[in-house]
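These notes are about the structure you will find just below.
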Amino acid sequence: MAEYGWAESIPVKTSAVLVLNGKKHPSDPPPSPPSDSPPIAGTPTHSSLVHGLDAADVDATPAKRRVADGLHVLSTEADALRSLAAFYEDDVGAQESFARAVETIAWSRRTGSKLVITGVGKSGHIGRKLVSTFQSLGIPGVFLHPTEALHGDLGLVGHNDSLLIISFSGRTGELLQLLPHLHRSIRVIVLTSHVRPEGCELLSRRPDGVLLSAPIPEPETVSVGVAAPTTSTTVALALGDALAIATAKELHADVPTVFARNHPGGSIGESLK
């Protein structure tokens, strides 16, 4: 059996020298370290890259991305509100419709009737919030779910009530099913993305209704990358708040006193004492 080992005449290569017949040759000197050079403007320096590996900074990039995503949505919604305000400043038809909406709700209140608000999904949640706002301002209101309305809850809608329908598309199926069952004495207001009544299917079924336009500059699939109601619900809520305050001023000589009387609790109530 052959023994393990190297014959004297076989060259042996190592990381430093080449050994041949037992004679060593001097190795090449190691390369010199790289010399420092000034950083290129806008390029991360070595120290900054190393610092970026610190545990506290590993999350810096994801954190900045999260904040950037949030700021984008905030900026998008702020732009939508500015656009909505500009629309009502410039569009005479929109101004007339808003004034009619205020007059409609005020008329119902003066006749002893109330405001009914309805909507589906996120629009329904906006509607519930607006009911609370109107009530705190001395304007009685209730929320009506359109599906439950067709299963008995229509009984809460009385003659001369005002009905505020919230539908971004203007063609929500449950709301279209509700319309034929409403008495003609009920005054309808439709808060929708449409800027002209002829484009809104709900108003085509109730041409005597009032259009309350809440358009957005661009679809949410473009502005925030997903069809989730975000900008659309923000402008709907803001316009509903504007409607509530304007109607309260139409009805009450002293709105702050009315609000204080209806909101005695919480930190708001405490601040009003």
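Taking a cut-off of 13 Å, what percent of all Cα-Cα pairs in region 79-143 are separated by more than that? Display every interim value, and only then the final one.
Numbers: 1460 of 2080 pairs.
For region 79-143, the fraction of Cα-Cα distances above 13 Å is 70 percent.
How would LYS249, LYS129, LYS114 line up from fewest to most surrounding beta-carbon atoms within 10 angstrom? Let's see the in-between values first.
Working: LYS249 13, LYS129 16, LYS114 20.
Ascending Cβ contact count within 10 Å gives the list LYS249, LYS129, LYS114.
Going from the residue with the fewest nearby Cβ atoms within 10 Å to the one with the most, ILE268, ILE166, ILE245, ILE117 rank ILE268, ILE245, ILE117, ILE166. Taking only the C-alpha atoms of region 95-195, Rg followed by Dmax gives 12.6, 37 Å.
Can you give the local net charge around THR257? Use residues other than it whose beta-carbon is closer than 14 angstrom to its beta-carbon, Lys and Arg +1, Asp and Glu -1. The partial results should precede the final answer.
Numbers: positive: LYS249, ARG261, LYS273; negative: ASP254.
Around THR257, the surrounding residues sum to +2.
Dimensions of region 64-271 along the principal axes, based on C-alpha atoms and rounded to the nearest Å, stand at 53, 45, 36, largest first.
Laboratory data are not the source of any read-out in this text; all were calculated from the coordinates shown. Keep in mind the model is a prediction, meaning the values are calculated, not measured. So basically every Cβ, Gly included, is an ideal-geometry build from the backbone, and we count neighbours across all protein chains shown.
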